[in-house]
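Undergrad: Structure provided below as structure tokens; questions to follow.
The values are calculated or read from the model by the stated rules, or taken from the named source; none is laboratory data. Owing to the predicted nature of the structure, the values given are computational and were not obtained by experimental measurement. Note that each Cβ is placed from the backbone with ideal geometry, even for glycine, and that neighbours are counted across all protein chains shown.
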Amino acid sequence: MRTLLIESQELAGRSTVVRRGTMTVPEMQAWFSNVYGEIASILRKRGIAPAGPPFARYRVLPGRRFEVEAGFPVAESVRPDGTVRVSSLPAGPAAVTVHVGPYDQLGSTYAAVAEWLRLRGATPAGDPWEIYLDPPEGDSADWRTEIVQPYHPALDVE
């Protein structure tokens, strides 16, 4: 097992172009297999290059469902249309780590991030997101996924 390095980073806010959907985990693979290609095609037609790798932000809903926002960061203004929306990733402190391995093992990395926050008296500040540093091709044991969890620092109470 690899040693997991979790760091605090001060993030700059980023503009994004996304699609949103509500789904269960088994529905995600089919949805993701289309969404990034569709958004990349729309950006290409508009002459806009993504400003980073694809990402997905997750909000847990009742009934084992998730609200998912997936897309790309962009460095320039994008006009929304019926398929894509403009969104953003927030500025501020975040716990950041890189998970190496298949997506079905991400749960242990999220648990480690939650424990990292707990040990520091910090609390989550919004939904986490994943940045897919490698495409889901080849040996899944080598896939790198950056996990980002914004947080509220512990309050110094004297």
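Undergrad: Filter the range 88-107 down to the residues that are among the small types (Gly, Ala, Ser) and either at pLDDT 95 or above or touching a helix residue (DSSP H, G or I) at 6+ places or on another chain (Cβ under 9 Å) (or both) and list them by number.
TA: If we filter the range 88-107 for residues that are among the small types (Gly, Ala, Ser), which is where we start, we get 88, 91-92, 94-95, 101, 107.
88, 91, 92, 94, 95, 101 - these are the residues of the range 88-107 that are among the small types (Gly, Ala, Ser) and either at pLDDT 95 or above or touching a helix residue (DSSP H, G or I) at 6+ places or on another chain (Cβ under 9 Å) (or both).
Undergrad: Select from the range 83-106 the residues that are assigned to a helix (DSSP H, G or I), under 15 Å from residue 4 (Cβ atoms) and under 14 Å from the mean Cα position of the chain (by Cα) and list them in ascending order. Don't jump to the end; show me each part of the working.
TA: Applying the first criterion (assigned to a helix (DSSP H, G or I)) to the range 83-106 yields 103-106.
After this cut, where a residue has to be under 15 Å from residue 4 (Cβ atoms) as well, the list is 105-106.
Within the range 83-106, 106 is the sole residue that qualifies.
Undergrad: Within the range 11-82, which strands (runs of 3 or more DSSP E) (wholly inside it) include 3 or more residues that are touching a residue at least 12 places away in the same chain (Cβ under 8 Å), surrounded by 11 or more Cβ atoms within 10 Å (Cβ to Cβ) and of a type in the set (D, E, K, R)?
TA: 14-24, 65-74
Undergrad: Another one. Looking at the range 114-132, can you tell me whether even one residue there is loosely packed, with under 14 Cβ neighbours inside 10 Å, under 22 Å from residue 36 (Cα atoms) and in contact (Cβ under 8 Å) with a residue 12 or more places away in the chain?
TA: Scanning the range 114-132, I find no residue that is loosely packed, with under 14 Cβ neighbours inside 10 Å, under 22 Å from residue 36 (Cα atoms) and in contact (Cβ under 8 Å) with a residue 12 or more places away in the chain, so the answer is no.
Undergrad: Looking at 131, 147, which one is in contact with a helix residue (DSSP H, G or I) (Cβ under 6 Å, 6 or more places away or on another chain), under 26 Å from residue 24 (Cβ atoms), outside any helix (DSSP H, G or I) and of a type in the set (Val, Ile, Thr)?
TA: Unique residue meeting the criteria: 147.
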